[in-house]
1. Please go through the range 5-26 and pick out each residue that is of a type in the set (A, V, I, L, M) and surrounded by fewer than 16 Cβ atoms within 10 Å (Cβ to Cβ).
2. Would you pick out the residues in the range 341-363 that are without any contact (Cβ under 8 Å) to a residue 12 or more places away in the chain and either of a type in the set (Asp, Glu) or under 14 Å from Ala216 (Cβ atoms) (or both)?
3. Would you point out which residue out of Leu318, Leu366, Leu310, Leu338 is farther than 24 Å from Pro242 by Cα, aliphatic (A, V, I, L, M) and in contact (Cβ under 8 Å) with a residue 60 or more places away in the chain?
4. Just the residues that are part of a helix (DSSP H, G or I) and under 22 Å from the mean Cα position of the chain (by Cα), please, taken from the range 314-335.
5. Tell me, yes or no, whether the range 239-252 has at least one residue that is out of contact with any Pro (no Cβ under 8 Å at 6 or more places or on another chain), within 20 Å of Phe122 (Cα to Cα), in the same structural domain as Leu154 (by TED's automatic domain parsing) and buried (at least 16 other Cβ atoms within 10 Å of the Cβ).
6. Given the residues Pro63, Pro10, Pro96, Pro50, which is the only one that is more than 29 Å from Leu190 (Cβ to Cβ) and either in contact (Cβ under 8 Å) with a residue 24 or more places away in the chain or more than 20 Å from the chain's Cα centre (by Cα) (or both)?
7. Yes or no: Gly111 touching a Leu at 6+ places or on another chain (Cβ under 8 Å), at positive phi and either crowded, with 16+ Cβ neighbours inside 10 Å or touching a residue at least 12 places away in the same chain (Cβ under 8 Å) (or both)?
8. If you go through the range 356-376, how many residues are in a helix (DSSP H, G or I) and either surrounded by fewer than 18 Cβ atoms within 10 Å (Cβ to Cβ) or under 21 Å from the mean Cα position of the chain (by Cα) (or both)?
Amino acid sequence: MPIGLYLHIPFCRVRCTYCDFNTYAGLGRLHGPYADALAQEVRLLASRFPRPVGTLFLGGGTPTVLSIKLLRRVLAACFDTFAVEDDAEITSEANPGTVSLDYLRALRHLGVNRLSLGAQTFDRGELAMLGRVHDAEGVRLTVQRARAAGFDNLNLDLIYGLPGQTLTSWARTLEQAMALTPEHISLYCLTLEEGTPLRDRVLQGRLPAPDPDLAADMYELADDRLAREGYRQYEISNWSRPGYECAHNLVYWRNRPYLGAGAGAHSSIKGQRWWNVRPVQTYIDRVTAGGATPWPSPAAEDGEIIDRALEMGETMMLGLRLTREGVAEADFRRRFGLSLEEAYGDVIRELVNAGLLTWDQTRLRLTRRGRLLGNRVFARFLPC
């Protein structure tokens, strides 16, 4: 089975006020050493896990803060050591308003065939609150440049449930996003993460606290509006034109094996899961130290064995995020040698009776209400 390969680029021009990802601003001096270390870890992973690669994802951070020369170095390591399939989906995240047409053409020439743009919102005040470096026109200009560079598979990320955001401003953001005709749209409800400036401002009373009921209204408004525009919801937070579902993220949601390279990256393969150290310099030092390299990667900070009960529970939790596909009885039985009834019969009946799941004896899916209460559903399938 082909795997997904994720490459983490932990650099940004500035750090957004809501972000708790493993990203850093002001580390330009480490771009080159990091790219070298990342390429070295990729080569090591390929030697230890020689599997075909069906999807490749450059995430971060902002991968496009790296020069094309450095990205070429990293991608060459992937193509030289892994058997990357000819039709592999290769995605790069990018920040709107920060990439030129020449850069995008070069990126496309490197083999990147899908671009994911962090638009977040089209409202000027909301963009300033989030600490974004672009404006609405920057999103439009970047989409125009991406099309001219040959990208025919674009995603826009949007965030709802922001402090002070209204249904009206959210509806305007949706309309402006759809007007750019992306093939894919991802919608994420804001989470106020501990240690972020945005959370601090809310706790200090400088910004209103997000309203979860209003956020639910925004979600349902978006679902209805996107459906009328021809986008199909296929995952709790993702909509696409038919045939443009994100193949890389489907690897995660179907609980299939993947490898991650880079500072803080996660991997899950052959019944084990591990994650790399987060600090950039520590990552570089570990990968380039030389000598005997620890299993499974010199950058690994910790890991765990995925036992059968956890694998089953995570297969349910992740699969139920797929709103159309859900968890198929045949797939579950083939993977675990048990029916869904044998594994989770009582839980399924309880959640069906509560109106959170539908079950037709072939597929188990979340109801529309269940999508709003997904975490409550998922917890019932995970081992205590």
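1. Let us first name the residues in the range 5-26 that are of a type in the set (A, V, I, L, M), namely 5, 7, 9, 14, 25.
Across the range 5-26, the qualifying residues are Val14, Ala25.
2. Glu341, Glu342, Asp346, Asp360 - these are the residues of the range 341-363 that are without any contact (Cβ under 8 Å) to a residue 12 or more places away in the chain and either of a type in the set (Asp, Glu) or under 14 Å from Ala216 (Cβ atoms) (or both).
3. Details: Leu318 fails: farther than 24 Å from Pro242 by Cα; Leu366 fails: farther than 24 Å from Pro242 by Cα; Leu338 fails: in contact (Cβ under 8 Å) with a residue 60 or more places away in the chain.
Residue meeting the stated conditions: Leu310.
4. Of the residues in the range 314-335, the ones part of a helix (DSSP H, G or I) are 314-319, 329-335.
Within the range 314-335, Glu314, Thr315, Met316, Met317, Leu318, Gly319 meet the criteria.
5. So far as the range 239-252 goes, yes, one or more of its residues are out of contact with any Pro (no Cβ under 8 Å at 6 or more places or on another chain), within 20 Å of Phe122 (Cα to Cα), in the same structural domain as Leu154 (by TED's automatic domain parsing) and buried (at least 16 other Cβ atoms within 10 Å of the Cβ).
6. Details: Pro63 fails: more than 29 Å from Leu190 (Cβ to Cβ); Pro10 fails: more than 29 Å from Leu190 (Cβ to Cβ); Pro96 fails: more than 29 Å from Leu190 (Cβ to Cβ).
Every option except Pro50 fails the conditions.
7. Working: touching a Leu at 6+ places or on another chain (Cβ under 8 Å): yes; at positive phi: yes; either crowded, with 16+ Cβ neighbours inside 10 Å or touching a residue at least 12 places away in the same chain (Cβ under 8 Å) (or both): yes.
Considered against the rule, which asks whether it is touching a Leu at 6+ places or on another chain (Cβ under 8 Å), at positive phi and either crowded, with 16+ Cβ neighbours inside 10 Å or touching a residue at least 12 places away in the same chain (Cβ under 8 Å) (or both), Gly111 comes out as yes.
8. Taking the range 356-376 first, the residues in a helix (DSSP H, G or I) are 368-372, 374-376.
With the extra rule that they be either surrounded by fewer than 18 Cβ atoms within 10 Å (Cβ to Cβ) or under 21 Å from the mean Cα position of the chain (by Cα) (or both), the set shrinks to 368-369, 371-372, 374-376.
Total satisfying the criteria: 7.
The values are calculated or read from the model by the stated rules, or taken from the named source; none is laboratory data. Here the structure is a predicted model, which is why all the values come from computation and not from measurement. A quick note on method: Cβ atoms are made from the backbone with ideal geometry, for glycine too, and the neighbour counts reach across all protein chains shown.
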